[in-house]
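First the structure, in the form of structure tokens, and then the observations on it.
The values are calculated or read from the model by the stated rules, or taken from the named source; none is laboratory data. These figures come from a predicted structure and were not determined experimentally. Cβ atoms come from the backbone with ideal geometry, glycine included; neighbour counts cover every protein chain shown. Please note that ligands, DNA and RNA were not included when accessible areas were found on the heavy atoms of the full protein model with its side chains. Shrake-Rupley method; radii C 1.70, N 1.55, O 1.52, S 1.80 Å.
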Amino acid sequence: MKVLVIGGGGREHAICWKLSQSRSVDKIYCCPGNAGIAQIAECINVNQNDFKALLDFVKYEWIDLTIVGPEDPLSRGIVDLFEREGRKILGPTKAAARLESSKVFCKDLLRSHGIPSAEYKVFTSYLHAEEHVRLKGTPIVIKADGLAAGKGVFVASTVEEAYDALRIIMKEKAFGAAGERVIVEECLQGEEASYMAFTDGRTIVPMVSSQDHKRIFDGDKGLNTGGMGAYSPAPVITPEIEKIVMEKILEPTLKALRSEGIVYKGILYAGLMIHEGRPSVLEYNCRLGDPETQPVLSRLKTDFMEIAMAIAEERLSDIRIEWKPDPAVCVVVSSEGYPGKYRKGDVITGIEEADKLDSVQVFHSGTAFSDNKIVTAGGRVLGVTATGPDIASARAGAYNAIQRIYFEGMHFRKDIADRALKSRVLS
Ligand SMILES: Nc1ncnc2c1ncn2[C@@H]1O[C@H](COP(=O)(O)OP(=O)(O)O)[C@@H](O)[C@H]1O
Ligand SMILES: [Mg+2]
């Protein structure tokens, strides 16, 4: 079979890598891909936002399945178009993707169906929002309604910070229409974890848990990023919590969507806050996480193509999904300056050497070819991923592999998975 993967980051490299191991996959195309993906897939030069052109390509090349990596094409209805044209595609429709593309839609759905999540109020008027912040006090969370590339949420510890956030979203309109509505939300305490699941709308099969590291510097300091590393499993998600997440959160969410006439197919990703054994939903994403996908798919035993086809054909209950017990750790290597303005075009050495190490996989994010050399081409450049018999050895494997890699200005956190090690010692 032939597959088209949409996207060009570390997540999509992990997807292509997993597909390349499938018995039933003969050919992988990726749009736009990157220098790592180009070694296992044919990268195509079609405008990622031109769904018609992508559809024409799929028809012309007789592609059996399209897999969508990022949220943007999903929220703009790529699945609706492909399904109308009778083409198999992995991902939710535009209506279902609103779970991620509108935080107000998500919060309203959760509240009206009694699914645990923070208290909140929605505002369109700056003055009313400000008044509510004054009434509630701090800490408090301010969120733009729509997609804001991970920049639309502000956790304010002072009233001034909260007013600033409201001003940026509502007056300066930093996120355009995505900030027309604002959520003022109760600040939850606890530990965060990511919980992703496969679903065909009826059956829901969880993946192994994971945890990512959002801030640029060690000790969770500095600016928020797309994610600087992740590990799986997340010890904070115990079997008891897993059961609560499935029964009180994921299954009721699918049911709630169905009651509104929406069948959710694809990947459902719950961002959770866990406090004293109780999980609440911080947000939903409608696709795989980046970088969580890199360690999570590294642990997948079952053929990914088989799972993807079963979802697209709504027969997920027919297959068994198995995972390797070995934990995995992914450390992201970023360009100097990221998440601000960053360097580009630096030659990267040592990738092959690192990749050759046992149980190590180097996933590319922002890389490109220049004069037959691999160069940096994005803020996040590589996701160096290793598996091992326990989290400590997986972590050591990833950091050992990074030692072989070099480019001017490279940066990575030195404390990825430290928390998992600590909680292991405590428990
Ligand atoms: N109610 C909340 N209480 C405490 N922290 C929160 C809350 N909502 C969001 N956060 C923090 O802000 C981050 C981003 O929020 P999230 O809702 O995941 O939005 P997005 O990923 O779209 O930026 C979360 O990972 C979490 O650290
Ligand atoms: Mg989030």
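In segment 262-287, the residues that are in a loop (DSSP other than H, G, I, E, B) reach residues that are within 12 Å of ligand 2 (Cβ to nearest atom) and open to solvent by 10 Å² or more (accessible area, probe 1.4 Å) with C-beta atoms within less than 9 angstrom, at least six apart or across chains, in these pairs: Cys286/Glu71; Cys286/Glu100; Cys286/Tyr269; Arg287/Glu71; Arg287/Glu100; Arg287/Tyr269.
Could you tell me whether segment 82-89 includes any residue that is open to solvent by less than 10 Å² (accessible area, probe 1.4 Å) and outside any helix (DSSP H, G or I)? Yes, because at least one residue in segment 82-89 is open to solvent by less than 10 Å² (accessible area, probe 1.4 Å) and outside any helix (DSSP H, G or I). Within segment 219-227, one or more residues are within 16 Å of ligand 1 (Cβ to nearest atom), within 28 Å of Val332 (Cβ to Cβ), open to solvent by 10 Å² or more (accessible area, probe 1.4 Å) and modelled with pLDDT of 95 or more. Anything in segment 3-55 that is of a type in the set (A, V, I, L, M, F, W, C) and either open to solvent by 50 Å² or more (accessible area, probe 1.4 Å) or in a strand (DSSP E or B) (or both)? List them, or say none. Result: Val3, Leu4, Val5, Ile6, Ile28, Cys30, Cys31, Ile40, Cys43.
Report yes if some residue within segment 247-258 is assigned to a helix (DSSP H, G or I) and without any contact (Cβ under 8 Å) to a residue 12 or more places away in the chain; otherwise report no. Yes. As a summary of the residue check, Tyr163 satisfies the conditions (1) away from ligand 1 (no atom under 13 Å from the Cβ); (2) open to solvent by 70 Å² or more (accessible area, probe 1.4 Å); (3) over 23 Å from the mean Cα position of the chain (by Cα); (4) touching a residue at least 12 places away in the same chain (Cβ under 8 Å) except for the one numbered (2). Flag: Pro235 does not match the condition of being more than 15 Å from ligand 2 (Cβ to nearest atom) and not in a loop (DSSP other than H, G, I, E, B). Scanning segment 271-290 for residues being more than 10 Å from ligand 2 (Cβ to nearest atom) and in contact with an Asp or Glu (Cβ under 6 Å, 6 or more places away or on another chain) gives a total of 4.
As for segment 138-146, it holds at least one residue that is open to solvent by 30 Å² or more (accessible area, probe 1.4 Å) and either assigned to a loop (DSSP other than H, G, I, E, B) or within 9 Å of ligand 1 (Cβ to nearest atom) (or both). Looking only at residues of segment 148-160 that are touching a strand residue (DSSP E or B) at 6+ places or on another chain (Cβ under 9 Å) and away from ligand 2 (no atom under 12 Å from the Cβ), we find that the one that is least open to solvent (accessible area, probe 1.4 Å) is Ala156.
Residue under question is Gln21, and the condition is that it be more than 17 Å from the chain's Cα centre (by Cα), free of Cβ contacts under 8 Å to residues at least 60 places away in the same chain and under 25 Å from Val329 (Cα atoms); does it hold? No: the conditions fail for Gln21. The residues in segment 109-137 that are within 16 Å of ligand 1 (Cβ to nearest atom) and either touching a residue at least 12 places away in the same chain (Cβ under 8 Å) or on the phi > 0 side of the Ramachandran plot (or both) can be counted, and the count is 16. The lone criterion from (1) at positive phi; (2) part of a strand (DSSP E or B) left unmet by Gly227 is number (2). The residues listed here are Lys171, Lys214; of these, the one that is open to solvent by 40 Å² or more (accessible area, probe 1.4 Å), away from ligand 1 (no atom under 13 Å from the Cβ) and out of contact with any Asp or Glu (no Cβ under 6 Å at 6 or more places or on another chain) is Lys171. Scanning segment 90-101 for residues that are in a loop (DSSP other than H, G, I, E, B) and either open to solvent by less than 10 Å² (accessible area, probe 1.4 Å) or in contact with a Cys (Cβ under 9 Å, 6 or more places away or on another chain) (or both) yields Gly91, Pro92.
Of all residues in segment 56-78, those that are part of a loop (DSSP other than H, G, I, E, B) have Cβ atoms under 8 Å from Cβ atoms of residues that are modelled with pLDDT under 95, 6 or more apart or on another chain, in Arg76/Asn49.
Going by what's in this entry, would Val182 be described as at pLDDT 95 or above, open to solvent by less than 20 Å² (accessible area, probe 1.4 Å) and not acidic (Asp, Glu)?
Judged against the criteria, Val182 is a match.
The criterion of at least 1 residues that are among the polar types (S, T, N, Q) and either open to solvent by 60 Å² or more (accessible area, probe 1.4 Å) or more than 24 Å from Cys30 (Cα to Cα) (or both) is met, among helices (runs of 4 or more DSSP H) falling completely within segment 350-427, by 391-402, 418-426.
For Ala197, the test of being within 19 Å of the chain's Cα centre (by Cα), at pLDDT 95 or above and not β-branched (Val, Ile, Thr) is passed. For segment 318-336, the set of residues classified as open to solvent by 40 Å² or more (accessible area, probe 1.4 Å) and more than 20 Å from the chain's Cα centre (by Cα) consists of Asp318, Arg320, Glu322, Lys324, Pro325, Asp326, Glu336, listed by residue number.
Of the residues making up segment 278-308, those that are touching a Ser or Thr at 6+ places or on another chain (Cβ under 8 Å) and more than 16 Å from ligand 1 (Cβ to nearest atom) are Gln294, Pro295, Val296, Ser298, Arg299, Asp303, Phe304, Met305, Glu306.
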